Amino acid sequence: MKQIKGPAIFLAQFVSDEPPFNNFNAICQWASSLGYKGIQIPTWESRLFDLDKAAQSQDYCDEITGIATEYGLTISELSTHLQGQLVAVHPAYDQMFDGFAPNALHGSPQARTQWATEQLMLAASASEKLGLTSHATFSGALLWHTFYPWPQRPQGLVEQGFEELAKRWLPILNRFDEVGVDVCYELHPGEDLHDGVTFERFLDATDHHPRANILYDPSHFVLQQLDYLAFIDIYHDRIKAFHVKDAEFTPNGRSGVYGGYQPWQQRPGRFRSLGDGQVDFKQIFSKLTQYGFDGWAVLEWECCIKHPEIGALEGVDFINQHLIKPTDKAFDDFAASVTDSALNKQILGIK
């Protein structure tokens, strides 16, 4: 067994034009002052990070690492969630997802996809220069509008959709393989990769690519009513990144999993600050430790009730309380006896 690293924090939800959230140096100082030891960097946030420059310049990456180190922080992963989303977008979502891309690409789906792919390639190079081993992203979606089987899906539609998704991602996965970095898909509603079955479909379509892995976030499984503990038992070999995010699901007589188009506060399934939801993190940390996960426990704060800075402050102690130092001995070692082959034969009744 190995020890999970942490606590770390995903910076995306905290970036703003207000200090200390408007530049890399200041936000590192803030995260460190709370007690965080790691940071996950959103690569689309130019206020914090220049992805183009990081992909090309070792000096720039050393500068970024140096600033983090100055505040006692380690970079856990880079994130391309927004760019990964744009690798595959169904036309029904073109206008809504245009906001994830530069203005010059709005209304140009093919150019937007090409840009997103290039962004992932840059992220592979930057991850290598930063000495990282995992990368966080979304898969994008061509099939999400068909997630409920009505009207009936034409035969072969799902298979063809995953073939196309794999076709778009394979060059990216191969590039990440060249630099020794795992691509960790956050399994998330709205993505074609949103649960175990869809992840398996993607693995099949990519010939079980060794760099196709999982960012484990139990909150999205609570909202889908999926067994997030059994998920670890099944897919632990592919879990290479971890978002510590809480959630709750309270069905009622008016709405359930689909939420009735309601705002977050009124939905039966809601994201919450750590400790305010229903996720059994004691069991999650136990299982991940048992299976040898030694990546970072990264707080992703999303809550429709609590202030983000309070959630970030409380998240440090919460994660620290759940980190497990693995045992290096058996609890009953005090009663152990020396190996005695003759005695073992006698106990077994072997002559």
Among the strands (runs of 3 or more DSSP E) contained in the range 182-277, which hold 1 or more residues that are under 20 Å from Gln85 (Cα atoms) and open to solvent by less than 30 Å² (accessible area, probe 1.4 Å)? 182-186, 212-216, 239-244
Tally, over the range 235-281, of residues that are under 22 Å from the mean Cα position of the chain (by Cα) and at positive phi: 1
Might you check whether a residue that is within 28 Å of Asp227 (Cα to Cα), buried (at least 23 other Cβ atoms within 10 Å of the Cβ) and of a type in the set (Asp, Glu) occurs anywhere in the range 158-168? no
All but one of (1) closer than 22 Å to Phe318 by Cβ; (2) over 13 Å from the mean Cα position of the chain (by Cα) hold for Ser219; which doesn't? (2)
Residue hits (the range 1-52; part of a loop (DSSP other than H, G, I, E, B), crowded, with 20+ Cβ neighbours inside 10 Å and among the small types (Gly, Ala, Ser)) are none
In this structure, is Ser57 under 30 Å from Asp192 (Cβ atoms), open to solvent by less than 40 Å² (accessible area, probe 1.4 Å) and among the small types (Gly, Ala, Ser)? no
Look at the range 92-133 and say how many of its residues are in contact with a His (Cβ under 6 Å, 6 or more places away or on another chain), touching a residue at least 24 places away in the same chain (Cβ under 8 Å) and farther than 29 Å from Gln58 by Cβ. 1
Please indicate, with yes or no, whether at least one residue in the range 55-62 is over 18 Å from Thr137 (Cβ atoms) and either in contact with a Cys (Cβ under 6 Å, 6 or more places away or on another chain) or of a type in the set (Lys, Arg) (or both). no
Being part of a helix (DSSP H, G or I), open to solvent by 30 Å² or more (accessible area, probe 1.4 Å), under 28 Å from Glu77 (Cβ atoms) and charged (D, E, K, R) narrows it down to one residue among Lys282, Lys345, Lys306; which is it? Lys282
Report, ordered by the first and then the second residue, all pairs with beta carbons closer than 7 Å, sequence separation of six or more or different chains, a first member in the range 263-292 that is more than 20 Å from Gln13 (Cα to Cα), and a second member that is modelled with pLDDT under 95 and open to solvent by 60 Å² or more (accessible area, probe 1.4 Å). Pro268/Pro251; Thr289/Met1; Gln290/Met1; Gly292/Met1; Gly292/Lys2
Note on the range 122-144: residues in contact with a Phe, Trp or Tyr (Cβ under 9 Å, 6 or more places away or on another chain), within 25 Å of His194 (Cβ to Cβ) and not small (Gly, Ala, Ser) are His135, Thr137, Phe138, Leu142, Leu143, Trp144
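The values are calculated or read from the model by the stated rules, or taken from the named source; none is laboratory data. The structure displayed is predicted, hence computed values, not measured ones. Glycine gets a Cβ as well: all are built from the backbone with ideal geometry, and neighbour counts include every protein chain shown. For accessibility, only protein heavy atoms count, side chains too; no ligands or nucleic acids. Shrake-Rupley method; radii C 1.70, N 1.55, O 1.52, S 1.80 Å.
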